[in-house]
Amino acid sequence: MRKRLLIVGGSYAASELACQARENGYAEDILIVSEEGDLPYHRPPLSKSYLKDASEELMPLRAEAFYRDKAIEVELGARVVAIDGRGNRATLSNGVVIPFDTLALATGARARTLPGLDTCPGNMHCVRSVADARKLRSAISGAEKVVIIGAGFMGLEVASALVRQNKHVTVVEAADRVLARAVSPELSRLLSAIHAQNSVNLITSRKVRPIIGHSGLINRIELDDGSILQADIVVVGVGSHPNLELAQQLELKVGNGIVVDDKSRTSRSNVFAAGDCATFSGQFNLAGIRLESVQNAIDQARVAGNAIAGGDKVYHAVPWFWSDQYESKIQIAGLSGGATYSESRHGEKSDVSVFHFRDDVCVSVESVNRPRDHIAARRLLAGSKEITRRNLQEVDFNISALLKA
Amino acid sequence: MRIVVYDQGGARVEIGDVAGQTLMSAIRDKGLNITAQCGGCAACATCHVYVDDEWTSKLKPVGDVEDAMLDIAEERQENSRLSCQVKRTEDLDGLTVRLAPGSGF
Ligand SMILES: Cc1cc2nc3c(=O)[nH]c(=O)nc-3n(C[C@H](O)[C@H](O)[C@H](O)COP(=O)(O)OP(=O)(O)OC[C@H]3O[C@@H](n4cnc5c(N)ncnc54)[C@H](O)[C@@H]3O)c2cc1C
Ligand code: FES
C-alpha cells in the first residue's frame, strides 16, 4: 500500500508544505484537508483591497491545475475532527476515516471573540476567512456608523478601508496605544496620527460592553467610562487563537502554539506543524513568540516539506511583515520586542524608518513608505555580520549604504 | 494574447489566452510553480523571471521598489523582472520568459 502525507489546513502553510514535499522528491500520496470551501488563497487582501472594491476577486495561492499536476489531492469543505495518534488515522466531519503515515498540522488560528458574548449578533463581524470578508463587504453599504473593537493590524486596516467609503468609524482599544503587541511606541504614535488625520475616531485605554437590542443586534457599545457609541456594524479584531485541538488530542508539546524545532518537527516523530498554529524560538525570535505572518507560514512550511522528503533544511529566516493603511505602506523587518534603544529617520514626505537596537545591535527596522530601507534591513539582518548603532551612524542611517560596504 | 514560459526545469509552456492582470497571475493561473508569496505587492521576489532578450526593451522600465526587491532575489541578471510588476498589455503578445531559481521556493 502507498504511504500518505496528510495535511490538515487550507492556507499558506498547507499549500506550501505539500508543494515543497513534492518538489523535494516525496513520492507518496499527499492529501490536504481544508474546512474552507475555496482553494488556499491570499488572506491579507481580505482586510485591505477586498473591502474597498466590491468587484475584487479572491486571489488563489496556486491554481487547481497546479495541485493536479503535482498529484496533490485537495479535499475542501471537510474538517478533521479527530486524530487517533496510535492508529495514525484521522476522522473527517463527513465521517470518512483517513489513514496516514506522516501528518502535518497547518490549522492556523481563528479570530478571538469578545468575552462575555455567547451569541454572535448578526451585525458583529470579524475578518479571518473569505466567508467573513464577504459577509462584512455586503454589510458595508447599508451601514453608517462602524465601531471597530481592537486596534491591531486587522482593525486599523478595516478602519482605513471603511472611513474612505465615508463611514463614521470609531476604533476602541483596551491598551494605551494602537498595535501595542506588534510595533514600537514610535510607530504606534505615527499611525495614530495618520488615522486621526483621516477622521477615524480613535479611543484607547477603554474596555467595551456591547449592548444587544430587541432585534438581537448590537445597537450600541458602552465604554468603561460610561460613554456610549452607536453602531450599525461592529467589527471585532482582538487577536487570534491558535487552533490546537488536534495537537492536544495527539498530546503534542503545546505552549502558545504547537512547539516545533527548526525543521518544523513536533514532539512526535511523524507529526509536523507550521504557520500560525506553531511556535518556534530561534536567533530572530529568542522569546519564541507565535508569529502570525505569511512569511513565517511559508518559511516554516518549506522546511517541513523538505524534512518530510528527507532533506535537511533548517528554519533561519528574518521575520517580516507588511500592512497597508491609506497611502501608507508599513513594512517591518525583524522583531522589536526587547529593544533597548530606538532611533528614527524621517524623510521629506510622510516616510519614516524606526531602527531598534538591543545592546547596540540593530534587531528590527520598521518603515513607512520606505521600501528600500525595509529590503536593505531584511538583507542585512539575514547576513552573518551584526549591524551596530555605530555602523548606522556612520552612514547617517541610510541603511542601503551598508549593503555596499 | 499569448505568452511563453519556460519553467524551472526548462519545460516550455505556452499560455494561450492570458486572462490575468499581470504576468505573475497568468503564470500562476496556468498552474506553474510560482510562489508569489506577497500576492503581487513587490515585496517578496518569489515571482522572479528572466525576460528573453528581444522583449526586455519592450517592457516598462524596472521601478524603484522592484529594483530594490530584485537585489534580494536569487541570481539576479540583466533581464530579471518581478512578474507581478509586468502588466498584461496587448503589445506583449508572444512575450517569452523563464522562471528564475527561487520563484518556486
Ligand atoms: C484579514 C487578515 C489580514 C492579514 N494581513 C497580513 C499581512 O498584511 N501580512 C502578513 O504577513 N500576514 C497577514 N495576515 C496573517 C496571515 O494571513 C497568516 O499569518 C497566515 O494566513 C497563516 O497561514 P496558516 O496557513 O498558518 O494558517 P491560516 O491562514 O490560519 O489557515 C488555517 C487553515 O486551516 C483550516 N483548518 C483549521 N483547522 C482545521 C481542521 N481541523 N480541519 C480542516 N481544516 C482546518 C482553516 O479553515 C484555514 O483554512 C493577515 C491575516 C488576516 C486574517
Ligand atoms: S509576488 Fe511578491 S514580489 Fe511579486
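Annotations for the structure displayed:
- Total residues in region A:1-32 satisfying the condition of being in a loop (DSSP other than H, G, I, E, B) and either within 9 Å of ligand 1 (Cβ to nearest atom) or without any contact (Cβ under 8 Å) to a residue 24 or more places away in the chain (or both): the figure is 5.
- Residue within region A:336-354 that is acidic (Asp, Glu), within 14 Å of another protein chain (Cβ to nearest Cβ) and either more than 14 Å from the chain's Cα centre (by Cα) or not in a loop (DSSP other than H, G, I, E, B) (or both) present: yes
- Remark: B:Val97 matches the filter, which requires a residue to be crowded, with 19+ Cβ neighbours inside 10 Å, away from chain A (no Cβ under 13 Å) and in contact with a strand residue (DSSP E or B) (Cβ under 6 Å, 6 or more places away or on another chain).
- Counted residues, region A:29-57 - those being surrounded by 16 or more Cβ atoms within 10 Å (Cβ to Cβ) and away from ligand 2 (no atom under 16 Å from the Cβ): 13
- Subset of region B:6-39 that is open to solvent by 40 Å² or more (accessible area, probe 1.4 Å) and in contact (Cβ under 8 Å) with a residue 40 or more places away in the chain - its residue that is farthest from B:Arg98 (Cα to Cα): B:Gln21
- From the options A:Asn256, A:Asn166, residue that is assigned by TED's automatic domain parsing to the domain that holds A:Ser293, part of a loop (DSSP other than H, G, I, E, B) and not hydrophobic (A, V, I, L, M, F, W, C): A:Asn256
- Residue in region B:45-60 that is of a type in the set (Val, Ile, Thr), in contact (Cβ under 8 Å) with a residue 24 or more places away in the chain and within 16 Å of ligand 1 (Cβ to nearest atom) present: yes
- Applying the condition of being within 16 Å of ligand 1 (Cβ to nearest atom), open to solvent by 40 Å² or more (accessible area, probe 1.4 Å) and outside any loop (DSSP other than H, G, I, E, B) to region A:97-127 and asking which residue is farthest from the other protein chains (Cβ to nearest Cβ) yields A:Val97.
- Between A:Asp324, A:Asp232, the distinction of being assigned by TED's automatic domain parsing to the domain that holds A:Ala180 and touching a residue at least 60 places away in the same chain (Cβ under 8 Å) belongs to A:Asp232 only.
- Matching residues, region A:286-324, being of a type in the set (S, T, N, Q) and under 16 Å from the mean Cα position of the chain (by Cα): A:Ser293, A:Gln295, A:Asn296, A:Gln300, A:Ser323
- Top-ranked residue of region A:75-95 - restricted to ones that are open to solvent by 40 Å² or more (accessible area, probe 1.4 Å) and within 25 Å of the chain's Cα centre (by Cα), ranked as farthest from the other protein chains (Cβ to nearest Cβ): A:Val81
- For region A:205-221, the candidate set comprises residues that are of a type outside the set (A, V, I, L, M) and open to solvent by 50 Å² or more (accessible area, probe 1.4 Å); within that set, the residue that is nearest to A:Ala175 (Cα to Cα) is A:Ser205.
- Per the listing A:Asp38, A:Asp69, the residue uniquely under 26 Å from A:Ala90 (Cβ atoms) and more than 24 Å from the chain's Cα centre (by Cα) is A:Asp69.
- Of the helices (runs of 4 or more DSSP H) lying entirely inside region B:1-99, the ones with 3 or more residues being within 16 Å of ligand 2 (Cβ to nearest atom) are found at B:23-29, B:64-71.
- The listed residue being within 16 Å of ligand 2 (Cβ to nearest atom) and either within 14 Å of another protein chain (Cβ to nearest Cβ) or among the aromatic types (Phe, Trp, Tyr) (or both), out of A:Ala71, A:Ala63: A:Ala63
- The single condition among (1) within 22 Å of the chain's Cα centre (by Cα); (2) in the same structural domain as A:Val81 (by TED's automatic domain parsing) that A:Ala180 does not meet is (2).
The values are calculated or read from the model by the stated rules, or taken from the named source; none is laboratory data. Nothing here was measured: the structure is a model prediction, and the numbers come from that model. Here the Cβ is made from the backbone with ideal geometry for all residues, glycine too, and neighbour counts use every protein chain on show. Remember, those area values only see protein heavy atoms, side chains included, never the ligands or the DNA or RNA. Shrake-Rupley method; radii C 1.70, N 1.55, O 1.52, S 1.80 Å.
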